Amino acid sequence: MPEAASYFKEWSGYLKPEDVARLETAYHFSKAAHLGQFRASGEPYISHPLAVANILAQLHLDAQALTAALLHDVMEDTAVTKDEIAAQFGKPVAELVDGVSKLDRIEFETHEEAQAENFRKMLLAMARDVRVILIKLADRLHNMRTLDAVPPAKRKRVARETSDIYAPIANRLGLNALYQELDDLAFRHLYPVRYNVLFKARKAARGNRREVVGKVLEAIKKKLEHGKIEAGVQGREKHLYSIYRKMREKKLSFANVLDVFGFRIIVKDVPSCYLALGALHALYKPIPGGFKDYIAIPKANGYQSLHTKLFGPFGSPLEIQIRTQDMHKIAEAGVASHWLYKSTDASLNELQQKTHQWLQSLLEMQSGSGDSVEFLEHVKFDLFPDEVYVFTPKGRILALPRGATPVDFAYAVHTDIGNRCVAVKINEELVPLRTELRNGDRIDIVTASHAKPNPMWLNYVVTGRARAQIRHFLKTVQYEESAHLGERLLNQALGALGSGVGTLSDAQWNKLIKDSGAKSRQDILGDIGLGKRLGVVVARRLLAVGDPHTDEHKSSAPIIIRGSEGMAVQFAQCCHPIPGDPIIGLINKGQGMLIHTHDCPVIAKTRSDPDKVFDVEWAPETKKLFDVNIRIVVINQRGVLAKVAAEIAASDSNIDNVAVAPDSGDQYATMHFTLQVSNRLHLAKILRKLRSIPEVVRIARVNSGPGSSAQRRDR
Ligand code: MN
């Protein structure tokens, strides 16, 4: 292709011969990969990556970026993989191509202002290396230049996206030429009629303006020469979309907008800028409020210049920009000006470091200007990202702190989604809820109507909102469950006094609430359940019975334990009671009720305290599975653990924990299991089955689990 050859020749103007040779290799590689693919225009596909690389060559980008530009579509559109690119062209090039491909994969769906802003941030955040953005912008520019070939509906969508997303990014990075061209191309495809009208009007106006512009140019040049200020002076034109926006926003006619003459003065150093400004203000009267010093306070994207507005000689205002050559380069090429004007043979690391420094130095220039915070954020997104941007299933973008999990996401969407989330799909794949979110992830939370927040979530959520909501939920639930238990405890105490909760009047309750300073009936019941108030005392006050020195409540009916009381009733870890075991309940202040076995040595001392100990009984049926520890002594043989485990599993039990004593070479080995059983009958059935294994010598239920060495009690 003769076109390619002429590009290579042009690029060799600033690249080393070996770099150009490598680019030729990349060109042939890409051409082969895209073979048989065509653009909408009918041209072979390779014409596109070649043109993209050439746009970047105009900005004098390094050879790696140009190589990546030549290959930028092969991963998406052909069978070539990242590894192949890395093997052929090196890892940095592969990373650049991969970065561009990732940007290609995310799609912009909603068009609100805030969403567009988030999307721009996400693009910047996803591109660790600013060259990825530059390649993407060049890609978009070439696609916009050739947009006439695609169907009108798609044309509008691409143009809208360019105007919402890519042109503002180019502007923010200070890539002025790229920005104006992208913006005008978007305008042309979004509003073809308006574009044509303005295009023709501007062309016609040029003729009329030529005389005025020429005269003002002459006067300015003369004045500067007179002041011995070396300067280049040019007239300049606004780009069409900005003329249109100005007309619309300020409700001006085309003539009004165009009735301003723009000039640019480029001088050799900063003092000359101010000298030139003084000279111009002596030539034409300045318009009050029209002066801006972007040298002292640069714009967010690093732009520096002096701006002033003057009353022109023919009644039209003049807009003047004054800047140095260096400032002009930055104004035109922005971020890319680094590659354009610095040495081109630096290594990648050095390049990245220089870019980093360049952006840093921009930051340092942002003293007090309103936009600086915004720009700081963008540079941060680019170089030290501390936020992630993810999609909802509807294509909305949410910003979350780095390290956020699907649970954080769920609570960010809605409290109900958070409280009911059970699973998550990220990019269509089921993953654990604690998975860290990454930029561009599409998150789909699976909810279940009866699901509840898991206290474990608190270990990994990072947003304050999720944390607060989970805590709030758990507290509410615990309180409700405690109130439930409290009511039963109170009923027991009332029963001992010949009364019951059902027979109490509102008056009795209201008096108690008032006297005790509680908020509500529920409040008092919750306190009883948590052990903060004593059921017996509350019962006596409700019934206005005096001295509590009787042991009547001992004779009252026991509290029934169903295992479904939730957090209000816990089962002691020291003795692991299971249904069928004789049990007693112990109330600890603020902790609710703890169930122990009747003979648990841990509570031996507390047993005699009637204010703390309650008669409890198992319900005939319990739904929960309870932990129980067993110890098995077996003949030390291979495969015996598997036999035991299989037998346990076959008995509808779960093994929660297992520990086998280190092999001492003895004839016998001891194994500890924590099993889950529904009751003593279930346990007995399991033990019977285990005893039938020939290798099992002895088997016993014990207090402590596999993690502990203290075996207090055999049964
Ligand atoms: Mn492309």
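The values are calculated or read from the model by the stated rules, or taken from the named source; none is laboratory data. These numbers were taken from a predicted model, which means no experiment stands behind them. Positions of Cβ are generated from backbone atoms using ideal geometry, with glycine treated the same way; all protein chains shown enter the neighbour counts. To get the accessible areas, we keep the full protein, side chains included, count just its heavy atoms, and leave off ligands, DNA and RNA. Shrake-Rupley method; radii C 1.70, N 1.55, O 1.52, S 1.80 Å.
If I filter the stretch 197-215 for residues that are buried (at least 17 other Cβ atoms within 10 Å of the Cβ), over 16 Å from Glu319 (Cα atoms) and aromatic (Phe, Trp, Tyr), do I get at least one hit?
Scanning the stretch 197-215, I find no residue that is buried (at least 17 other Cβ atoms within 10 Å of the Cβ), over 16 Å from Glu319 (Cα atoms) and aromatic (Phe, Trp, Tyr), so the answer is no.
Test Leu50 against the stated conditions and say whether it is touching a residue at least 24 places away in the same chain (Cβ under 8 Å), within 12 Å of the ligand (Cβ to nearest atom), assigned by TED's automatic domain parsing to the domain that holds Tyr27 and under 27 Å from Leu175 (Cα atoms). Break it down into steps so the answer makes sense when it comes.
Details: touching a residue at least 24 places away in the same chain (Cβ under 8 Å): yes; within 12 Å of the ligand (Cβ to nearest atom): yes; assigned by TED's automatic domain parsing to the domain that holds Tyr27: yes; under 27 Å from Leu175 (Cα atoms): yes.
When the stated conditions are applied, Leu50 passes them.
I'm trying to understand the selection: among the residues of the stretch 141-155, which are assigned to a helix (DSSP H, G or I), under 27 Å from Thr67 (Cβ atoms) and open to solvent by 20 Å² or more (accessible area, probe 1.4 Å)? Spell out the reasoning first.
Initial filter on the stretch 141-155 (assigned to a helix (DSSP H, G or I)): 141-145, 147-149, 152-155.
Cutting the leftovers down to under 27 Å from Thr67 (Cβ atoms) gives us 141-145, 147, 149.
His142, Asn143, Arg145, Ala149, listed by residue number.
Go through the stretch 606-646 and give me each residue that's among the hydroxyl-bearing types (Ser, Thr, Tyr) and part of a helix (DSSP H, G or I). Give the steps one after another, and end with the answer.
Of the stretch 606-646, the ones among the hydroxyl-bearing types (Ser, Thr, Tyr) are 606, 608, 622.
Selection gives Thr606, Ser608.
Being loosely packed, with under 15 Cβ neighbours inside 10 Å and among the basic types (Lys, Arg) is the filter here; which residues of the stretch 250-291 pass it?
Those that are loosely packed, with under 15 Cβ neighbours inside 10 Å and among the basic types (Lys, Arg): Lys250, Lys251, Lys268, Lys285.
Looking at Ser678, Ser709 in this structure, which one is under 49 Å from the mean Cα position of the chain (by Cα) and modelled with pLDDT under 80? Spell out how you get there, then give the answer.
Numbers: Ser678 fails: modelled with pLDDT under 80.
The conditions single out Ser709.
Taking the options Leu23, Leu96, name whichever one is within 16 Å of the ligand (Cβ to nearest atom) and in the same structural domain as Ala170 (by TED's automatic domain parsing).
Leu96
Of the numbered conditions (1) under 30 Å from Lys102 (Cβ atoms); (2) crowded, with 16+ Cβ neighbours inside 10 Å; (3) free of Cβ contacts under 8 Å to residues at least 12 places away in the same chain, Asn491 fails exactly one; give the number of that condition.
(1)
Just give me the residues in the stretch 216-242 being of a type in the set (A, V, I, L, M), crowded, with 17+ Cβ neighbours inside 10 Å and either farther than 24 Å from Leu280 by Cβ or touching a residue at least 60 places away in the same chain (Cβ under 8 Å) (or both), in sequence order.
Across the stretch 216-242, the qualifying residues are Val216, Ile220, Leu240.
Restricting to the stretch 593-609, count the residues that are open to solvent by less than 40 Å² (accessible area, probe 1.4 Å) and of a type in the set (Gly, Ala, Ser).
Adding up the residues that qualify gives 0.
Among (1) more than 32 Å from the chain's Cα centre (by Cα); (2) over 30 Å from Arg172 (Cα atoms); (3) modelled with pLDDT under 90, there is one condition Gly36 misses while meeting the rest; what is its number?
Looking at each condition in turn, Gly36 falls short on (3).
Can you give me the number of residues within the stretch 129-140 that are among the basic types (Lys, Arg) and either more than 10 Å from the ligand (Cβ to nearest atom) or open to solvent by less than 10 Å² (accessible area, probe 1.4 Å) (or both)? Spell out how you get there, then give the answer.
The initial filter retains those residues of the stretch 129-140 that are among the basic types (Lys, Arg), namely 131, 136, 140.
Now drop any that are not either more than 10 Å from the ligand (Cβ to nearest atom) or open to solvent by less than 10 Å² (accessible area, probe 1.4 Å) (or both), which leaves 131.
Of the residues in that region, 1 qualify.
Given the condition buried (at least 22 other Cβ atoms within 10 Å of the Cβ) and under 22 Å from Asp98 (Cβ atoms), answer yes or no: does some residue in the stretch 35-45 qualify? Step through it out loud before you land on a result.
Restricting attention to the stretch 35-45, the residues satisfying the condition of being buried (at least 22 other Cβ atoms within 10 Å of the Cβ) are none.
No - not one qualifying residue is present in the stretch 35-45.
Considering only residues of the stretch 255-280 that are touching a strand residue (DSSP E or B) at 6+ places or on another chain (Cβ under 7 Å) and at pLDDT below 85, which is farthest from Glu225 (Cα to Cα)? Reasoning before the result, please.
Going residue by residue through the stretch 255-280, those that are touching a strand residue (DSSP E or B) at 6+ places or on another chain (Cβ under 7 Å) are 260-270, 273, 276-277, 280.
Okay, now just the ones that are also at pLDDT below 85, so 260-261.
Working: Val260: 24, Phe261: 21 Å.
Only one residue fits best here, namely Val260.
Table: residues versus (1) at pLDDT below 85; (2) among the aromatic types (Phe, Trp, Tyr); (3) surrounded by 15 or more Cβ atoms within 10 Å (Cβ to Cβ).
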| position | (1), (2), (3) |
| --- | --- |
| Asp611 | yes, no, no |
| Val616 | no, no, yes |
| Pro620 | no, no, no |
| Leu625 | no, no, yes |
| Val633 | no, no, yes |
| Glu647 | no, no, yes |
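For (1) farther than 23 Å from Tyr179 by Cα; (2) more than 13 Å from the ligand (Cβ to nearest atom), each residue gets a yes or a no:
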{"site": "Phe38", "(1), (2)": "yes, yes"}
{"site": "Gly42", "(1), (2)": "yes, yes"}
{"site": "Leu70", "(1), (2)": "no, no"}
{"site": "Glu76", "(1), (2)": "yes, no"}
{"site": "Ala79", "(1), (2)": "yes, yes"}
{"site": "Glu84", "(1), (2)": "yes, yes"}
{"site": "Lys91", "(1), (2)": "yes, yes"}
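On the given criteria, is Gln58 away from the ligand (no atom under 16 Å from the Cβ), surrounded by fewer than 19 Cβ atoms within 10 Å (Cβ to Cβ), within 39 Å of the chain's Cα centre (by Cα) and not assigned by TED's automatic domain parsing to the domain that holds Pro393?
yes
Residue by residue, here is whether (1) more than 35 Å from the chain's Cα centre (by Cα); (2) not basic (Lys, Arg) holds:
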{"site": "Gly464", "(1), (2)": "no, yes"}
{"site": "Arg471", "(1), (2)": "no, no"}
{"site": "Glu480", "(1), (2)": "no, yes"}
{"site": "Arg488", "(1), (2)": "yes, no"}
{"site": "Gln492", "(1), (2)": "yes, yes"}
{"site": "Gly495", "(1), (2)": "yes, yes"}
{"site": "Gly498", "(1), (2)": "yes, yes"}
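Among the residues of the stretch 278-299, what is the count of those that are of a type outside the set (Gly, Ala, Ser) and in contact with a Pro (Cβ under 9 Å, 6 or more places away or on another chain)?
Qualifying residue count for the region: 3.
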